[in-house]
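Quick note: the coordinates plus some simple rules give every number you see, no bench work behind them. Since we're looking at a predicted model, the values are computed, not measured. As a convention, Cβ positions derive from the backbone with ideal geometry for all residues, glycine included, and neighbour counts pool all protein chains shown.
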Amino acid sequence: MPTSSKLSLPIYHVDAFTNQVFSGNPACVVPLTSWLDDEILQNIASENNLSETAFIVKNTEQQTDNQTDYHLRWFTPVSEVALCGHATLATAHVLFTHLGFAKDTIRFHSHSGILTVSRCQLNDNPAYMLDFPAIASTPMDLADVPADLITGLNLAKEKVVSVSLGTNYLIEVASQTEVEQISPIISHWQNLGVRGITVTAQAQPSSSVDIVSRCFYPETVAVEDPVTGSAHCQLMPYWVDKLGKNKLLAMQLSKRQGLLDCELVQSPTGNRVKLIGQAVDYMVGKIHFSS
């Protein structure tokens, strides 16, 4: 009869896109020496019950530039995802702060290609800059938009300025007030065939930020995501085209809120989005289980 082995793994619970606990977006980070079975990774993410848990393994392949790389994967409580901003930020924070990563830039291999996170400054405070792929959106005729998407907004139709489709449905509404006050009917959004819905508007004139948003993921535990780095990879090309400037300060108006300093870098080989944010520890612990 086969015997089970007991495993003990480090785990870090980090609040990302914030400089204080109980705000920003929480993620768990689990460093591994080698990949465990996907079923175990999914069980850990389900047990954590946060929007994402990140797993990293050091790349042992021969490096040509003396750079230590890491393989990075993200799991929600129900499935693996292709891109996650806040959990990448949290992972970089763990490597820089706890695991002794000495260089200024970390390079991750992921399902979305090579991602980098670099040390930087934000208002003279230590921060991290994520370099992610930009995500294009295709404008939709409002007559072709799924009826459930609009009714799920629980908002007067005339408040909808435009709808675009990329990784998420991207819905621009008339003002920041609509973004703040929206109370969606989540049941209408269960079968739309995309991972999420991002509602956005230009910030009110008196605001210090340029754009605001809220992000909803109807099939996840949290439903409304507190601060969504990957959504800003789609928001930036949209708003840069409308506002005519490639650097924007963005506020995600969830209960926990988050501030993102964003830049769109245009390139013939593929546009990139740079996101600057901070991160803080909430908890450091150990996972114990038998495999």
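Could you tell me the relative contact order of the stretch 138-270? Use alpha-carbon pairs under 8 Å, at least six residues apart, and round to a whole percent.
Contact order relative to length: 18 percent.
Where both partners of a DSSP beta bridge lie in the chain, what percent of those bridges are antiparallel, to the nearest 5?
80
Could you identify which residue out of G24, G152, G100 has the top mean-square fluctuation in a GNM of the chain using Cα springs shorter than 10 Å?
Highest fluctuation of the listed residues: G100.
GNM on the chain, C-alpha springs below 10 Å: top fluctuator among S175, S183, S110?
Looking only at S175, S183, S110, the largest GNM fluctuation is found for S183.
In the chain, which longest range has no chymotrypsin sites (Phe, Trp or Tyr not before Pro) that are both DSSP loop (not H, G, I, E or B) and surrounded by at most 12 other Cβ atoms within 10 Å?
For chymotrypsin sites (Phe, Trp or Tyr not before Pro) (loop position, at most 12 other Cβ atoms within 10 Å), the longest site-free span of the chain is 36-291.
Could you list K159, K103, K6 in order of exposure, starting from the residue whose Cβ has the fewest other Cβ atoms within 10 Å?
Neighbour counts put them in this order, fewest first: K6, K103, K159.
For Cα pairs less than 8 Å apart in space and 6+ apart in sequence, what is the mean separation divided by the residue count of the stretch 56-155, i.e. the relative contact order in percent?
Worked out over the stretch 56-155, it gives 18 percent.
Over the chain, with a Gaussian network built from C-alpha contacts below 10 Å, which listed residue (A82, A134, A250) shows the highest mean-square fluctuation?
A82
List the trypsin sites (Lys or Arg not before Pro) within the stretch 216-271 that fall in a DSSP loop (any state other than H, G, I, E or B) and whose Cβ has at most 14 other Cβ atoms within 10 Å.
Loop-located and lightly packed - K245, K255.
Compute the angle between helix 38-48 and the longest alpha-carbon principal axis of the chain, please, reported from 0 to 90 degrees and rounded to the nearest 10.
Long axis of 38-48 versus the principal axis of the chain: about 70 degrees.
Where the centre of each part is set by its Cα atoms, how far does the stretch 234-291 sit from the stretch 92-148, in angstrom?
6
Taking neighbour Cβ counts within 10 Å as the exposure measure, how do D124, D69 sort from fewest upward?
Fewest-to-most Cβ neighbours within 10 Å comes out as D124, D69.
Can you give me the relative contact order of the chain as a percent, contacts being Cα pairs under 8 Å and 6 or more apart?
Across the chain, relative contact order equals 23 percent.
Considering the Cα trace of the chain, what is its radius of gyration and what is Dmax, both in angstroms?
In Å, with Rg to one decimal and Dmax whole: 19.3, 70.
Using Cα atoms only, what is the angle between the long axis of helix 85-97 and the major principal axis of the chain, expressed in degrees (0 to 90) to the nearest 10?
40
Kindly work out what percent of the DSSP beta bridges joining two residues of the stretch 138-270 are antiparallel, to the nearest 5.
In the stretch 138-270, approximately 75 percent of DSSP beta bridges are antiparallel ones.
Measure nothing fancy, just the Cα-based angle from helix 229-243's long axis to the longest principal axis of the chain, in degrees from 0 to 90, nearest 10.
Helix 229-243 sits at roughly 30 degrees to that axis.
Just rank M236, M283, fewest to most, by other beta-carbon atoms within 10 angstrom.
M283, M236
Over the stretch 138-270, what per residue volume does the convex hull of the Cα atoms give, in whole Å³?
116
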